[in-house]
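Asker: Right, I'll just put the structure down here and ask away after.
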Amino acid sequence: MGKKIATVITDMFEDVEYTEPAEAFKEAGHEVITIEKEKGNKVTGKNKETTLTIDHGIEDVNVDDFDALFIPGGFSPDILRADDRFVKFAKGFMDAKKPVFAICHGPQLLITAKALEGRDATGYKSIQVDMEYAGAKVVDKEVVVCQDQLVTSRQPDDIPAFNREALNLLK
């Protein structure tokens with residue numbers, strides 16, 4: 001049975017950190033649903049390789065509608081965390097103990113949601129100190145799985161391990 005994966009994303013996401021995991025999720029039979037400020041908006045990756053049409057606006061979704069949350073990296077998570085609606089949405093997944101997949105700069109949204117305290121996690125090198133200040137135990141390896149809920153990775157090179165562990169949690 002395929003799962004519904006909420007994907008919070010806006011302009012300047014890291015192209016491959018969205019496209020490769022999304023493709024792996026879809027190949028495994030899961031549904032990847034993009035969420036931004038408004039349904040129908042077009043968002044473009046920072047490398048201009050990918051443009052997406054957004055499936056749902058943040059006002060039209062609820063944590064209960066989804067099985068998991070995916071936060072691609074790039075500048076997108078930093079932009080989204082300035083909007084309290086996305087922060088609340090991400091925190092809702094963490095509080096409900098639903099799977100959350102955050103790669104590279106993705107954990108920035110979880111930092112703002114104050115959802116990393118006491119968690120083992122990783123992220124892009126430049127945000128690891130921020131993650132520590134947020135109470136996370138930062139582990140510098142390609143993928144970290146915490147409490148069978150949170151999957152984090154550091155960078156595009158880690159995508160194969162990130163996909164493997166995210167798919168394991170979706171089983």
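Each value in this text was obtained by applying a stated rule to the coordinates, not by laboratory testing. Just so it is clear, the structure is predicted and the values come from calculations on it, not from any experiment. Cβ: placed from backbone, ideal geometry, glycine included. Neighbour counts: every protein chain shown.
Asker: Write out, first by first residue and then by second, each pair whose Cβ atoms fall under 8 Å of each other, whose residues are 6+ apart or on separate chains, and whose first residue, in the range 29-50, is closer than 13 Å to residue 69 by Cβ while the second is surrounded by fewer than 12 Cβ atoms within 10 Å (Cβ to Cβ).
Answerer: Listed pairs, sorted by first residue: 34/53.
Asker: To continue, here is another question. Output the residues belonging to the range 36-74 that are closer than 20 Å to residue 169 by Cβ and in contact with a His (Cβ under 7 Å, 6 or more places away or on another chain).
Answerer: 73
Asker: Kindly establish whether residue 42 is among the basic types (Lys, Arg) and at positive phi.
Answerer: The answer is no for residue 42.
Asker: Let me ask you something else. If a residue counts only when it is buried (at least 19 other Cβ atoms within 10 Å of the Cβ), which strands (runs of 3 or more DSSP E) contained entirely in the range 7-96 have at least 2 such residues?
Answerer: 31-36, 68-71
Asker: Pick from the range 122-161 the residues that are hydrophobic (A, V, I, L, M, F, W, C) and under 13 Å from the mean Cα position of the chain (by Cα): which of them is farthest from residue 71 (Cα to Cα)?
Answerer: 159
Asker: Going through 46, 39, 4 one at a time, which residue ends up being under 18 Å from residue 156 (Cα atoms) and among the charged types (D, E, K, R)?
Answerer: It is 46.
Asker: Oh, and also: Of all residues in the range 137-161, how many are of a type outside the set (D, E, K, R), in a loop (DSSP other than H, G, I, E, B) and under 17 Å from residue 14 (Cα atoms)?
Answerer: First, pick out the residues of the range 137-161 that are of a type outside the set (D, E, K, R): 138-139, 143-147, 149-153, 155-156, 159-161.
Keeping just the survivors that are in a loop (DSSP other than H, G, I, E, B) gives 139, 143, 147, 149, 155.
If we keep only those that are under 17 Å from residue 14 (Cα atoms) too, we end up with 155.
Result for the range 137-161: 1.
Asker: Could you tell me how many of the residues in the range 121-136 are touching a helix residue (DSSP H, G or I) at 6+ places or on another chain (Cβ under 9 Å) and either aromatic (Phe, Trp, Tyr) or not in a helix (DSSP H, G or I) (or both)?
Answerer: Number of matching residues: 7.
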